Amino acid sequence: MAESMKGLHRSHRCTELGTGNIGETVTVMGWVQKSRNKGGIIFVDLRDRSGLLQLIFEEADCGAGNFEKAEKLRSEFVIAAVGKVEARSGAVNENLATGKIEIRVTEVRILSEAQTPPFPIEADSRTKEEMRLKYRFLDLRRPDIQSKLMLRSQVATKVRAVLAEEGFLEIETPILIKSTPEGARDYLVPSRVHQGKFYALPQSPQLFKQLLMCSGYDRYFQIAKCFRDEDLRADRQPEFTQIDMEMSFVDVDDVIAVNERLLQKVFQDAIGLKIELPLPRMTWQEAMDRYGSDKPDTRFGMELTDVSEVVKGCGFGVFTGALEQGGSVRGINAKGQGQMSRKKIDALVEFAKGYGAKGLAYAAIQPDGTVKSSFAKFMTEEQMKALTEAMDVQPGDLLLFAADRNKIVWDVLGNLRLEIARNLELIDKNQFHFLWVTEFPLLEWSEEQERFVAMHHPFTMPMEEDLPKLDSDPGAVRAKAYDIVLNGTELGGGSVRIFQGDVQEKMFEVLGFTKEQAQERFGFLLDAFRYGVPPHAGLAYGFDRLMMLMTGADSIREVIAFPKVKDASDLMTNAPDVVDQTQLEELGIGITEKEQK
């Protein structure tokens with residue numbers, strides 16, 4: 001039967017005790033990690049969020065009643081123990097923070113008994129993730145998960161402190177907002193009072209933080225919950241957290257400078273990583289040309305090389321055909337992989353097809369300098385020599401080429417270099433490579449909608465020198481947009497915002513909005529802009545991604561207390577679920593079942 005803790009007060013967490021406390025009487029509380037009865041003496045490892053502490057029970061010290069209770073202890077029982085801190089009577093455990101001490105218990109209370117858990121509560125669990133998420137309340141007891149969530153708390157606290165020092169105000173923005181469908185799908189919330197109408201959950205606080213700049217708050221930030229009803233992907237969450245900010249009277253360099261100082265202080269304090277400033281910058285065009293990605297992993301080389309000029313007159317139709325269609329031919333050099341088996345090369349070809357490639361051309365440079373190639377028969381000796389020289393080859397290298405539209409070539413080779421680096425273990429996971437990617441395209445063409453859409457959002461400022469191209473060549477307009485990238489992952493992104501009415505009208509026009517449509521969707525923001533709006537810019541970090549990289553976790557689910565799985569369901573609570581018919585009737589909603597095709 002569970003006992004009360006009446007009269008007891010915890011004096012220390014487990015690892016707050018050390019050799020300096022020897023001789024003190026203390027009270028500790030937590031969960032039993034394991035119990036070992038050696039006959040006449042019982043050892044118990046007590047666990048709380050700080051770590052482990054060894055308790056020792058002998059009948060002569062704690063009495064028959066307490067010793068009997070100690071004999072009942074099993075894993076995950078919750079107990080309170082009073083006793084004296086002593087130097088360890090056995091071997092010191094150098095792997096434990098408390099490995100030099102133990103508590104000789106004089107009183108123990110069983111506060112709660114526990115069933116045998118469905119999996120061991122231990123670090124680096126091998127239990128299937130589905131089982132761990134079903135019993136997430138148990139999984140959260142694991143010390144490696146706890147350390148990640150405690151670090152997350154520390155980082156949030158540090159972010160708040162640094163931004164306060166930089167003059168930012170923390171202001172909350174609404175969760176129930178108007179739906180403005182431009183981008184990912186909104187989660188909709190039906191209104192009971194206004195039947196037939198819906199709120200949306202925010203994909204970001206974008207419009208409200210711009211309104212705060214219109215209202216004169218100058219520097220805003222928020223650690224904000226956001227929601228996106230996106231298509232299923234393994235490491236996406238329907239609800240996620242942003243470190244969101246906006247600043248007035250600034251340009252690109254001002255936003256970057258503040259955020260570099262923020263990153264430097266947070267990483268130094270949280271994990272002891274020293275970041276040298278300024279961080280490197282690269283334009284979007286350079287990132288795509290060199291790495292085939294707007295979030296390049298720069299921890300290893302294997303950069304793309306454009307060989308379009310070299311092969312434009314060759315006899316290989318795959319190359320010349322791509323060039324005639326306005327595309328390009330690019331390649332990567334996998335150093336020292338010229339002896340790769342045909343089976344592995346075929347696997348790389350299949351991998352490339354998953355990103356839109358029709359195939360891959362390859363050339364393996366043998367140790368004696370001869371070339372074994374899938375396309376050499378279509379090339380003259382001089383053309384092949386010019387191609388290999390352009391790729392800076394050495395004997396033993398493997399060259400892989402893609403030929404198609406630029407977008408496909410970049411996508412194929414950008415992902416291929418990552419796949420090869422993973423397979424060959426070229427990536428040093430202890431390195432942290434930060435990079436600013438700047439000057440993104442303002443717009444991208446949507447084949448589905450047959451119009452230009454904003455690459456970031458409709459309020460992103462074009463580069464001033466590109467403004468005339470909005471009429472003549474919208475696809476060539478660059479944006480005052482910037483992303484912060486870490487180890488090939490986009491940590492955050494932002495832009496300078498449009499604050500002139502004529503530029504915003506032109507932007508809506510290019511996006512295909514009529515004035516009426518723009519007013520219907522964004523009228524409250526456009527109205528605010530008529531009453532004096534300062535130049536402003538902002539940025540938002542994906543807090544979950546930041547913590548995943550900072551802790552070395554394999555998934556953002558490891559750094560979120562109660563995550564969803566890839567179909568956006570919660571295995572623990574069984575959400576989403578059906579609701580009572582009376583609730584639907586109050587909302588004026590009926591459920592229509594779709595016919596199965």
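The values are calculated or read from the model by the stated rules, or taken from the named source; none is laboratory data. Here the structure is a predicted model, which is why all the values come from computation and not from measurement. Backbone-built Cβ (ideal geometry, glycine too); neighbour counts: all protein chains shown. With ligands, DNA and RNA removed, areas are computed over all heavy atoms of the protein, side chains included. Shrake-Rupley method; radii C 1.70, N 1.55, O 1.52, S 1.80 Å.
Can you list the helices (runs of 4 or more DSSP H) lying wholly within the stretch 72-190 that have 2 or more residues being open to solvent by 70 Å² or more (accessible area, probe 1.4 Å) and either among the hydroxyl-bearing types (Ser, Thr, Tyr) or modelled with pLDDT of 95 or more (or both)?
129-134, 143-165
Can you name the residue in the stretch 366-387 that is of a type in the set (A, V, I, L, M, F, W, C) and in a loop (DSSP other than H, G, I, E, B) and, of all such residues, is modelled with the lowest pLDDT?
The first filter runs over the stretch 366-387 and keeps only residues of a type in the set (A, V, I, L, M, F, W, C), leaving 371, 375-376, 378-379, 384, 386-387.
Filter again for in a loop (DSSP other than H, G, I, E, B), leaving 375, 379.
On the way: Phe375: 92, Met379: 89.
Per the stated criteria, the residue is Met379.
When you scan the stretch 191-207, how many residues do you find that are surrounded by fewer than 18 Cβ atoms within 10 Å (Cβ to Cβ) and either without any contact (Cβ under 8 Å) to a residue 40 or more places away in the chain or touching a Ser or Thr at 6+ places or on another chain (Cβ under 9 Å) (or both)? Full working, then the answer.
Our first condition is that a residue be surrounded by fewer than 18 Cβ atoms within 10 Å (Cβ to Cβ); within the stretch 191-207, this holds for 191-198.
Applying the additional criterion that residues be either without any contact (Cβ under 8 Å) to a residue 40 or more places away in the chain or touching a Ser or Thr at 6+ places or on another chain (Cβ under 9 Å) (or both) yields 193-194, 197-198.
Qualifying residue count for the region: 4.
What residue, among those in the stretch 483-499 that are out of contact with any His (no Cβ under 9 Å at 6 or more places or on another chain) and more than 22 Å from Cys214 (Cα to Cα), is most open to solvent (accessible area, probe 1.4 Å)? Steps first, please.
Our first condition is that a residue be out of contact with any His (no Cβ under 9 Å at 6 or more places or on another chain); within the stretch 483-499, this holds for 483-484, 489-492, 498.
Okay, now just the ones that are also more than 22 Å from Cys214 (Cα to Cα), so 483-484, 489-492.
Values: Asp483: 11, Ile484: 0, Thr489: 31, Glu490: 62, Leu491: 2, Gly492: 2 Å².
Among those that are out of contact with any His (no Cβ under 9 Å at 6 or more places or on another chain) and more than 22 Å from Cys214 (Cα to Cα), it is Glu490.
On the given criteria, is Gln210 over 23 Å from Val533 (Cβ atoms), in contact with an Asp or Glu (Cβ under 8 Å, 6 or more places away or on another chain) and open to solvent by less than 40 Å² (accessible area, probe 1.4 Å)?
Numbers: over 23 Å from Val533 (Cβ atoms): no; in contact with an Asp or Glu (Cβ under 8 Å, 6 or more places away or on another chain): yes; open to solvent by less than 40 Å² (accessible area, probe 1.4 Å): yes.
No: the conditions fail for Gln210.
Which members of the stretch 287-302 meet the condition of being within 17 Å of Lys335 (Cβ to Cβ) and under 24 Å from the mean Cα position of the chain (by Cα)?
Once the filter is applied, which keeps residues that are within 17 Å of Lys335 (Cβ to Cβ) and under 24 Å from the mean Cα position of the chain (by Cα), the stretch 287-302 yields Arg290, Tyr291, Asp297, Thr298, Arg299, Phe300, Gly301.
Among helices (runs of 4 or more DSSP H) lying entirely in the stretch 505-597, which contain 3 or more residues that are open to solvent by less than 30 Å² (accessible area, probe 1.4 Å), more than 24 Å from Tyr135 (Cα to Cα) and hydrophobic (A, V, I, L, M, F, W, C)? Break it down stepwise before answering.
On the way: elements: 515-529, 543-551, 581-587.
Here the list reads 515-529, 543-551.
How about the stretch 1-52: which of its residues are closer than 26 Å to Leu151 by Cβ, open to solvent by 40 Å² or more (accessible area, probe 1.4 Å) and touching a Lys or Arg at 6+ places or on another chain (Cβ under 8 Å)?
Within the stretch 1-52, Arg13, Trp31, Gln33, Arg49, Ser50 qualify.
Condition first: over 23 Å from Asp289 (Cβ atoms), open to solvent by 20 Å² or more (accessible area, probe 1.4 Å) and in contact (Cβ under 8 Å) with a residue 24 or more places away in the chain. Can you find one or more residues in the stretch 399-421 that meet it? Spell out the reasoning first.
First pass over the stretch 399-421, keeping only residues over 23 Å from Asp289 (Cβ atoms): none.
Checked against the condition, which is being over 23 Å from Asp289 (Cβ atoms), open to solvent by 20 Å² or more (accessible area, probe 1.4 Å) and in contact (Cβ under 8 Å) with a residue 24 or more places away in the chain, the stretch 399-421 yields no hits at all.
Within the bounds of the stretch 442-465, is there any residue that is closer than 30 Å to Leu526 by Cα, of a type in the set (Val, Ile, Thr), touching a residue at least 12 places away in the same chain (Cβ under 8 Å) and outside any loop (DSSP other than H, G, I, E, B)?
Looking only at the stretch 442-465, we keep the residues that are closer than 30 Å to Leu526 by Cα, and these are 442-465.
Still in the running and of a type in the set (Val, Ile, Thr): 453, 460.
Add one more test, that the residue is touching a residue at least 12 places away in the same chain (Cβ under 8 Å), and what stays is 453, 460.
Among the residues that remain, those that are also outside any loop (DSSP other than H, G, I, E, B) are: 453, 460.
Yes - at least one qualifying residue is present in the stretch 442-465.
Restricting attention to the stretch 472-482, and to residues there that are in a loop (DSSP other than H, G, I, E, B) and out of contact with any Ser or Thr (no Cβ under 9 Å at 6 or more places or on another chain), which single residue is least open to solvent (accessible area, probe 1.4 Å)?
Let us first name the residues in the stretch 472-482 that are in a loop (DSSP other than H, G, I, E, B), namely 473, 477, 480.
Cutting the leftovers down to out of contact with any Ser or Thr (no Cβ under 9 Å at 6 or more places or on another chain) gives us 473, 477.
Details: Asp473: 75, Val477: 1 Å².
Within the stretch 472-482, the match that is least open to solvent (accessible area, probe 1.4 Å) is Val477.
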